Structure formats: C-alpha cells, structure tokens
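Take a look at the structure set out below.
The values are calculated or read from the model by the stated rules, or taken from the named source; none is laboratory data. A quick note: this is a predicted structure, and the numbers were derived from the prediction, not measured. Cβ: placed from backbone, ideal geometry, glycine included. Neighbour counts: every protein chain shown. To get the accessible areas, we keep the full protein, side chains included, count just its heavy atoms, and leave off ligands, DNA and RNA. Shrake-Rupley method; radii C 1.70, N 1.55, O 1.52, S 1.80 Å.
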Amino acid sequence: MTSGSIVAQITDYANRADPYPLYAELRKTPVRREDDGTYLVSTYYEVRSLANDPRLSNDTSNRPAGHGRPGQPPAESGLPPSFIFTDPPVHDRLRDTINRPFGPPHSPRFLDGLRGELAKVVTELLDTFEGKDQVDIVEDFAYPLPVTAICKVLGVPREDEPLFHAWADALASSVDPRSGDDGGPEKAQRARQELGAYLNDLIETKRRHPGPGILSALAPDMTPADLEATAVLLLVAGHETTVNAITNTTLTLLRHPDILERFQKDPELAVPLVEEVLRYEPPVQFVPWTTALADIDVAGTTIPKGSPVWLMLAAANRDPRRFEDPDRFDPDRKDNEHLGFYTGIHYCFGAPLARIELHVAVPELFRRVKFSRLLEDPPPYRANAVLRGPRHLPVAIEGLTD
C-alpha cells in the first residue's frame with residue numbers, strides 16, 4: 001500500500017470524518033486496481049453483483065501471500081473461522097444451524113421478545129441524563145445498549161456484561177486493515193484469549209444447565225470451537241455496528257434539524273429514517289476480505305483469479321446511477337435498497353436485531369432528551385476505517401421529559 005494510494009487515503013484517520021469525497025473519486029473508476037494487486041469495487045450494481053457471485057470467496061485462507069486477513073482469528077487462538085469467513089457448503093451449514101434459535105422461521109418470536117427488555121434498558125440509560133447539561137451519546141447511551149442486547153441473545157449473565165465492553169473494542173480493531181499500526185492484532189489476540197476462556201466456561205455451564213439465550217440452544221448441535229467462534233463474531237458484529245448506527249443516526253438528525261422536528265412530531269418516520277441513515281452513513285463502510293476464485297469480468301475490467309477484492313459499500317450507497325441526489329439525507333427516499341447490511345448469502349446475520357435496537361432506542365432518545373447543540377462537529381471518530389463511527393459524540397442538553 002503506497003502512501004498516495006486511494007486505499008491509504010481511505011484508511012488515513014485524517015479522512016475519517018468525511019470519506020465521501022474519496023468515494024466519489026473512486027466511483028469514477030468502478031473497478032480500480034491498487035499497486036499491490038488489490039481491486040476496489042465502488043459502484044452499486046457492480047458491488048451488488050460481486051457480493052452475490054459464488055466466484056468471490058469470503059474464506060480468508062484463499063488470500064494470496066503478503067495480504068492481510070482482517071477479521072480472521074489468529075491461528076494461535078485455536079478457533080476455526082466464524083461462518084462469515086467461510087464459503088458454501090460450510091457457510092450454509094453453520095449459518096442455518098445458528099439461525100434456528102435466533103430468528104424465523106424456527107424461532108420467529110425470539111428477537112421480538114427482547115423489545116420490552118431493551119426498552120427498559122433504554123429508559124434506565126436515559127434516566128442517568130437527569131440533571132446533566134451535557135452527555136456523550138456514545139459512552140452514555142449508544143455503547144451500553146448493544147452490549148446488553150448481545151449478552152441477552154447469547155445468555156450472558158447481566159453482571160458479566162461489563163467484561164464484554166473492552167473485549168468488543170479490541171476485537172473490532174482486528175477487522176481494520178491498518179490495525180497493525182497501533183498494536184491492534186496483539187490487543188485483539190489478548191481479548192480473544194480472555195473471551196475464549198470465559199466462553200468455554202459459559203458454554204460448558206450451558207451444556208450442563210440449559211438456560212435462556214442461543215448458547216444453550218446451540219450447544220447440542222455445534223462443536224465448542226464453532227460455538228465459541230460464533231459467539232465472538234456476534235459480539236463484534238452485534239455490538240460495534242449497532243453502536244455506530246445509533247451514533248450516526250443521532251449525529252445525522254442533529255445536523256438536519258428540519259428532519260429532526262418532523263421525526264419528533266411523527267415517530268412513524270423512524271423506519272424509513274433508519275433505513276436512510278444505513279444508506280447515508282453505513283456503520284460498515286467496506287468489506288476488505290474477499291478474494292476472486294476465478295477470473296471475473298466486471299465493468300470492463302478483469303479481476304484475475306487470486307486477487308484480493310474490497311467491496312466499497314459506503315461508496316456504492318452513494319452511487320448516483322442508483323440513488324437520486326445521493327449525498328442528500330432524505331428519509332422519504334423511495335426504493336431504498338441500500339447495502340448498509342450488505343447483500344447475498346453474507347447479508348448481515350444481526351440485521352434484524354440491529355433494527356430492533358434502533359427502532360427502540362432512537363425514537364425514545366429524541367422523545368425524552370431536549371437537545372441543545374452538538375459540542376463538536378465533526379466529533380472525534382474511531383480509528384477503524386471499516387467499522388466507522390464517532391468515538392465520542394458530546395452534546396449539550398436542556399434536560400429530560402418524562
């Protein structure tokens with residue numbers, strides 16, 4: 001990766017607050033080859049086509065020598081790759097098994113049954129704003145909620161939830177292509193070992209004494225290693241992306257006071273509003289771990305077999321060939337088939353849970369909190385270029401309503 005490459009610019013922290021001009025430049029060449037042989041695909045129809053193409057592999061063991069494998073468990077962890085880093089038929093078998101206790105058609109009410117508990121958590125978090133004139137939306141609201149949600153899904157005891165905050169942060173760094181610059185792999189490895197030891201004990205307990213959560217439900221049907229790898233994936237994917245989605249939604253609404261006023265008067269706007277944020281400011285900006293299993297012709301370019309491929313979801317979400325006036329935030333947008341949760345067989349497994357959290361949290365946040373102004377705009381962002389979102393979002397408030 002050369003310092004002047006478009007990848008270097010996209011992953012450069014200096015561009016984290018607004019990478020969209022870089023994505024616009026990238027779309028001028030829908031399929032672009034970097035000097036190291038990586039291909040960047042940035043336009044909507046091409047990204048969507050490749051994401052559904054069986055010749056593109058998510059199995060990071062197919063990556064050529066010399067290319068990083070973001071998101072892959074280190075070999076010394078002793079874990080198999082989670083299902084997101086596998087291809088059919090292994091992927092299909094694992095995903096189908098995991099889906100049975102998680103959602104439709106086998107457990108249609110599992111996720112919906114969490115709404116009441118999540119609403120209580122939202123109320124508890126917002127109650128702590130009482131008497132304050134400023135809060136950090138990330139630390140005080142967006143960060144704690146998804147940890148509680150994913151721990152409830154897994155069946156983790158409430159008193160152990162604080163352990164998962166630090167683990168989620170460290171593990172999320174492993175999907176960042178530049179994570180090696182700040183010791184990210186070492187931090188992720190330590191977190192994985194600590195989390196692994198915890199999960200081993202918890203899984204064994206669930207085998208002997210089944211209880212709520214999908215770990216108990218899955219224990220009879222999965223090996224301990226596969227179940228542990230799945231739990232690690234759900235923690236990272238189920239936590240970091242939702243933190244970013246809640247925070248990005250809050251920031252976007254505070255930047256668009258006219259839409260915020262509409263939303264406060266019409267909570268039914270929540271559904272299209274959330275979908276538009278997922279298009280406009282997606283929590284996952286790109287997928288940097290796929291590999292071509294054969295020569296693939298895309299938009300007049302041949303991606304050679306064995307080439308690393310990055311699918312630039314955030315760039316595709318603002319492709320003017322697909323979305324009219326794509327740089328405008330418009331919750332009234334029709335036919336908003338965005339790629340915020342990806343597409344194809346690797347469509348985000350946790351998308352239904354994330355949407356429930358957003359639909360519970362965001363309306364209540366803006367119903368109860370009397371916002372005054374953003375204290376930093378742009379706010380400080382996380383280092384991670386893949387899972388992009390503010391690290392802090394300090395806002396001035398004027399109190400709470402009941």
Inset, instruction - State whether one or more residues within region 266-280 are under 23 Å from Asp136 (Cβ atoms) and of a type outside the set (A, V, I, L, M, F, W, C). - result: yes
Inset, instruction - For region 124-134, state whether one or more residues are in contact with an Asp or Glu (Cβ under 9 Å, 6 or more places away or on another chain) and among the aromatic types (Phe, Trp, Tyr). - result: yes
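Just checking, does region 356-375 include any residue being farther than 30 Å from Lys265 by Cβ and either assigned to a helix (DSSP H, G or I) or not small (Gly, Ala, Ser) (or both)?
No: region 356-375 contains no residue that is farther than 30 Å from Lys265 by Cβ and either assigned to a helix (DSSP H, G or I) or not small (Gly, Ala, Ser) (or both).
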Inset, instruction - Could you check how many residues of region 237-268 are closer than 15 Å to Leu358 by Cβ, crowded, with 18+ Cβ neighbours inside 10 Å and more than 23 Å from the chain's Cα centre (by Cα)? - result: 1
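Of the residues that make up region 327-338, is at least one among the hydrophobic types (A, V, I, L, M, F, W, C), open to solvent by 20 Å² or more (accessible area, probe 1.4 Å) and not in a strand (DSSP E or B)?
Looking only at region 327-338, we keep the residues that are among the hydrophobic types (A, V, I, L, M, F, W, C), and these are 329.
Then drop every residue that is not open to solvent by 20 Å² or more (accessible area, probe 1.4 Å), which leaves none.
Taking every residue of region 327-338 in turn, none turns out to be among the hydrophobic types (A, V, I, L, M, F, W, C), open to solvent by 20 Å² or more (accessible area, probe 1.4 Å) and not in a strand (DSSP E or B).
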Inset, instruction - Take region 110-132 and flag every residue that is open to solvent by less than 50 Å² (accessible area, probe 1.4 Å) and in a loop (DSSP other than H, G, I, E, B). - result: Leu111, Phe129
Inset, instruction - Please verify whether region 160-174 includes one or more residues that are open to solvent by 10 Å² or more (accessible area, probe 1.4 Å), assigned to a loop (DSSP other than H, G, I, E, B) and either under 26 Å from Ala351 (Cα atoms) or modelled with pLDDT under 80 (or both). - result: no
Legend entry - Matching entry among Arg32, Arg48 (being part of a strand (DSSP E or B), modelled with pLDDT of 95 or more and either under 21 Å from the mean Cα position of the chain (by Cα) or over 25 Å from Phe329 (Cβ atoms) (or both)): Arg32
Legend entry - Residues of region 341-371 classified as open to solvent by less than 60 Å² (accessible area, probe 1.4 Å) and without any contact (Cβ under 8 Å) to a residue 60 or more places away in the chain, total: 1
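Working carefully through the options Ala383, Ala292, find the one that is surrounded by 14 or more Cβ atoms within 10 Å (Cβ to Cβ), within 18 Å of Glu139 (Cα to Cα) and of a type in the set (Gly, Ala, Ser). Please lay out each step first, then the result.
Working: Ala292 fails: within 18 Å of Glu139 (Cα to Cα).
Only one candidate qualifies: Ala383.
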Inset, instruction - Under 9 Å between Cβ atoms, at least 6 apart or on separate chains: pull out the pairs that start in region 210-221 with a residue that is without any contact (Cβ under 8 Å) to a residue 40 or more places away in the chain and end on any residue that is assigned to a helix (DSSP H, G or I). - result: Pro210/Ser216; Pro210/Ala217; Ala219/Ile203; Ala219/Glu204; Ala219/Lys206; Ala219/Arg207; Ala219/Leu227; Pro220/Arg207
